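J.: One structure, as structure tokens, below. Some questions next.
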Amino acid sequence: MAQDMWNLETGDEIVRLPNGGSLVKRRFLDPRGMPMTAIELSNGKLSFSVLPERGMDIGEISLGPDLMSWERSKDYLLHPSNVDLQEAGGTGWLYGFYGAVASIGPELFGTPGEGFSLHGSGSYSLTVPSSVQVTWNTEGIRIEGRVVVRDESGEASFVKYVIMRSRWNSAVLLREEHTTNVSMQTQVVDDGYHVQLSGTYLHQGGRYVLPVHAHEMLLRDMAPPEADPFEIPSIEAGKYPIRCYQYVPRPVKGLHQLEELAPYLDDLDASRGVTAEMIVNTANTGAGFVIRPLLDFPRSLIAKEINDSFMFALEPSKTRPNRMSQKKTDGEALYVQPEEEIHSQCLIGLSRSTQDIVQLESIIRSTVKPES
């Protein structure tokens, strides 16, 4: 199929794409003076920015004129050289915590006290500039880049080849990663995403729609309990202490009923089932969702907080965010041999259609049988 191509190093600053789409390359300095890049892509309906200096993370996501990801201060959009992951007991990543879709792998995360950062350095790894290219054809648009993840000594430990693609005038994008162990030793891959889809549409409150019972959600870190773990309070309620729940999502069937999802679902590896999770506002007029193969991300976490920002996240992950020693004891650790490659897929979508939102909620909820 014929296609056109754009490269980061040699491409124009602004490119008009078919079907009302566009590409804009922006150069800027982070708050501490380091140069950075944002590639802003639109398929005519969905817009998202890609950050090469931040591991091909997605900075923001909009649906038409509406910003659907969190309203995060640009003060957090830092170049990796301005973030010390080991600072403050391994929580240095918080100072650069920005992306609407932030990678938390492939190296170890969730392992405080064992020499690793809570969220790893997936979001703080540089993409090779010459590898970043955008292509498009009659079906849609695609962006890709090669990210080098280095260990504490500066040696390359993993290479991630990141691909994101979306069909023209679709509100869904598919992110795929091909991760190779380029070190000389066996490594553990502990991968996942922090997906932050809580724009102003959610500020009056809403709910999580998850394929799990409330009692199956484990409240972490001695946070204060709440009556309804699925509830999202309004921003007017004031500060809301952080709460994180981990759980094992069930497979969700029937997703092909949503016409827009069907062509993306056909590309997923459903050998162990596919699961879906969603965030919805109270009025049923706005939603964000994550769909992925359970082969790739069999565990989930949600994070809830109102502080300096309105944070309500979905976090697909390979393992529970426990210490690595515990993961090894539980048989959860995924070992990757030198030169071995593993793959992952994740769909990220948005909706402003009440009909589609209600239908997707019904499909997800049908997975969880009523308790007697």
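J.: Take peptides 93-105, 38-50, 223-235 and line them up by average Cβ neighbours within 10 Å, highest first, as a rough protection proxy.
T.: On the way: 93-105: 23.5, 38-50: 21.5, 223-235: 14.1.
Peptide ranking by packing, descending: 93-105, 38-50, 223-235.
J.: While we're here: Calculate one ³J(HN,Hα) per residue across region 37-54 by plugging θ = phi - 60° into the Karplus curve 6.51 cos²θ - 1.76 cosθ + 1.60, and present them in order as whole Hz with x for glycine and proline.
T.: Working through the residues one at a time gives 9, 10, 9, 9, 10, 9, 9, x, 9, 9, 10, 8, 10, 10, 10, x, 6, 10 Hz.
J.: Rank SER123, SER300, GLY33 by how far each Cα sits towards the positive end of the charge dipole of the chain (+1 on Lys, Arg Cβ; -1 on Asp, Glu Cβ) and give me just the farthest.
T.: SER300
J.: On to the next question. How big is the dipole moment of the chain about its Cα centre under a simple scheme where the beta carbon of each Lys and Arg is +1, that of each Asp and Glu is -1, and everything else is neutral? Debye, nearest 20, please.
T.: Numbers: 34 positive and 49 negative charges, 96 e Å.
Charge dipole of the chain: 460 debye, to the nearest 20.
J.: Turning to a different aspect of this structure: Could you list, in their original order, any pairs among LYS160/LYS327; LYS304/LYS328; LYS328/LYS369 whose Cα atoms are separated by more than 30 Å? Mind dumping the intermediate values first?
T.: Numbers: LYS160/LYS327 23 Å; LYS304/LYS328 28 Å; LYS328/LYS369 32 Å.
Cα-Cα > 30 Å for LYS328/LYS369; rest within.
J.: Give the Debye-formula value of log10 I(q)/I(0) at each listed q (0.13 Å⁻¹), with one equal scatterer per alpha carbon of region 4-365, two decimals each.
T.: Normalising to I(0) and taking log10 leaves -1.04.
J.: Which distance in Å, rounded to a whole number, links the C-alpha centroids of region 300-372 and region 179-230?
T.: 6 Å
J.: Given the options ALA102, VAL147, PHE158, identify the residue whose Cα lies farthest towards the positive end of the charge dipole of region 4-365 (+1 on Cβ of Lys, Arg; -1 on Cβ of Asp, Glu).
T.: ALA102
J.: For THR275, THR138, what ranking results if the residue with the fewest other Cβ atoms within 10 Å of its Cβ goes first? Present the calculation step by step, with values, prior to reporting the outcome.
T.: Values: THR275 25, THR138 10.
Exposure proxy ranking, most exposed first: THR138, THR275.
J.: In deg cm²/dmol, rounded to 500, what helix-only [θ] at 222 nm does the chain give when every DSSP H run of at least 4 residues adds -39500 (n - 2.57) and the total is split over its residues?
T.: Details: 4 runs with 26 residues, N = 372.
So the helix-based figure for the chain works out to -1500 deg cm²/dmol.
J.: Determine the relative contact order of the chain: mean sequence separation of Cα pairs under 8 Å and six or more apart, normalised by residue count, in whole percent.
T.: Numbers: 944 pairs, mean separation 59.8, N = 372.
The value is 16 percent.
J.: Using the number of other C-beta atoms within 10 angstrom as an exposure proxy, rank TRP6, TRP136 with the fewest first. Mind showing how you got there, number by number?
T.: Values: TRP6 20, TRP136 23.
Starting with the residue having the fewest Cβ neighbours, the order is TRP6, TRP136.
J.: Further question: Which lysines have a Cα less than 23 Å from the Cα of LYS45, not counting those fewer than 8 places away in the same chain?
T.: LYS25
J.: When the distances between all Cα atoms of region 212-354 are binned every 10 Å from zero, what whole-number percent does each bin get?
T.: Distribution as computed: 10, 34, 35, 18, 3, 0 percent.
J.: If you don't mind, another one. Arrange ARG320, ARG32, ARG54 by Cβ neighbour counts within 10 Å, fewest through most, would you?
T.: Numbers: ARG320 21, ARG32 11, ARG54 30.
Arranged by neighbour count, lowest to highest, ARG320, ARG32, ARG54 become ARG32, ARG320, ARG54.
Only the coordinates and a few stated rules stand behind these numbers; no lab work does. Worth saying up front: this structure is predicted, and the values here are computed from it rather than measured. No Cβ is skipped: glycine too gets one built from the backbone with ideal geometry, and neighbour counts run over all protein chains shown.
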